[in-house]
Each structure stands twice: as structure tokens, then as C-alpha cells.
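Shown next, in C-alpha cells, is the structure this report addresses.
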């Protein structure tokens with residue numbers, strides 16, 4: 001190394017072309033360094049995009065979890081309402097049985113004029129059946145929505161062995177034609193044919 005105030009010695013004419021080669025090689029090293037620096041920058045940008053995509057997917061999963069929780073809460077409310085209606089119907093049936101045993105004359109004495117004109121409210125069997133069907137439909141819809149969301153967002157692998165025996169080849173192709181624009185690569189590989 002040269003100290004302060006020292007100068008490079010001049011090259012002899014035989015080696016003057018070596019400095020040009022050294023400069024060319026230095027330029028190539030600089031260009032290679034810039035290319036690698038750009039590649040590393042692109043990789044970091046890709047990592048940032050993947051990180052953002054993962055954050056978005058995590059947010060989507062949290063929203064899905066909240067939606068599923070909301071549906072489950074609604075189903076629980078419906079079940080509680082159905083149980084309340086059943087309990088009300090049973091208690092009303094007991095009251096009717098007790099009043100049927102009482103003589104008509106004592107019943108007329110105990111009822112006020114307001115109560116005589118009121119119709120008794122009862123739970124019809126068709127209403128019970130409709131509530132039961134509604135609860136079953138909500139449960140089935142929730143299960144289907146959760147399964148579809150799991151397959152679409154998380155991982156279709158657990159269902160890979162289930163689809164081919166259940167669906168024929170023509171049904172799978174009809175599904176592909178219908179869902180084609182919405183399929184991602186993972187889900188597309190999930191369909192067998």
C-alpha cells in the first residue's frame with residue numbers, strides 16, 4: 001500500500017495494457033455487483049409481497065372465524081328459541097290437562113270475562129317442524145360453507161381421496177367449467193380428472 005504523498009510508479013510500456021485490463025475487469029466486477037444488488041432487491045420485494053399476502057390471508061381467516069362464530073351464535077339462539085317453545089308447549093299441555101279435569105262449572109267461575117274471549121295459544125306441530133327444518137338447513141349450510149372455506153383458503157389435501165369416488169368424470173368436468181375462473185392452482189389440482 002502507498003502511504004500519504006506517495007505516487008504510483010509508471011508502468012513500463014510492456015505492461016501498460018495491463019492497467020486497461022484491470023480497469024475492464026473492475027468495471028465487470030462493478031456491473032456484476034450491481035446486477036446482484038438488483039437481484040437481491042427483487043428478492044426482498046418478493047419476500048415483502050409474500051409477507052403482505054400471508055398477512056391478508058391471516059386477516060381473511062380471522063374474518064372467516066368471526067363469521068363462523070356469528071353463525072354458530074345464531075344457531076344457538078335458534079336452538080334456545082326452539083327449546084323455549086317446546087317448554088312452553090309442554091307447560092301449556094299440562095295446564096290444559098289439569099283444566100280438563102276440573103268441572104265446567106268451576107272453570108266458568110274461575111275465569112274472568114276477559115279470559116273467556118281469549119283464544120289459547122298453542123304450538124302447532126307444523127310450526128315445530130318448520131323450526132326444526134330451518135335449524136337443520138342452517139346447520140347444513142354452515143357445515144358446507146366451513147368446508148368450502150377450508151378447502152379454498154387452507155388446504156384441500158384432506159378431501160383429495162373423497163372427491164373421486166363421489167363424483168363421476170362428467171360431473172367433475174361440469175364443475176371445472178362452472179368454477180374454472182374461481183379455481184386456484186391448489187384447488188385445480190384437487191379435482192382428479
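Among the numbered conditions (1) assigned to a helix (DSSP H, G or I); (2) more than 30 Å from residue 55 (Cβ to Cβ); (3) modelled with pLDDT under 70, the only one that residue 186 does not meet is (2).
For region 150-183, residues that are under 24 Å from residue 58 (Cα atoms), surrounded by fewer than 12 Cβ atoms within 10 Å (Cβ to Cβ) and at pLDDT below 70 total 2. Put simply, of 78, 29 the only residue that is in contact with a helix residue (DSSP H, G or I) (Cβ under 9 Å, 6 or more places away or on another chain), in the same structural domain as residue 133 (by TED's automatic domain parsing) and at pLDDT 90 or above is 78.
Six or more apart or on different chains, Cβ atoms under 9 Å: show the pairs whose first residue is in region 36-62 and touching a residue at least 60 places away in the same chain (Cβ under 8 Å) and whose second is part of a helix (DSSP H, G or I). Close Cβ pairs (under 9 Å, with a partner that is part of a helix (DSSP H, G or I)) amount to 57/153; 60/153; 61/149; 61/153; 61/154. What residue, among those in region 126-149 that are farther than 16 Å from residue 83 by Cβ and surrounded by 14 or more Cβ atoms within 10 Å (Cβ to Cβ), is nearest to the chain's Cα centre (by Cα)? The selected residue is 149.
Within region 4-25, is even one residue touching a helix residue (DSSP H, G or I) at 6+ places or on another chain (Cβ under 8 Å) and modelled with pLDDT under 90? Yes, region 4-25 has at least one match.
Report whether or not residue 135 is part of a helix (DSSP H, G or I) and at pLDDT below 90. Here the answer is no, as residue 135 does not meet what is asked.
The values are calculated or read from the model by the stated rules, or taken from the named source; none is laboratory data. Here the structure is a predicted model, which is why all the values come from computation and not from measurement. Because the Cβ atoms are built from the backbone with ideal geometry, glycine has one as well, and the counts that use them run over all protein chains shown.
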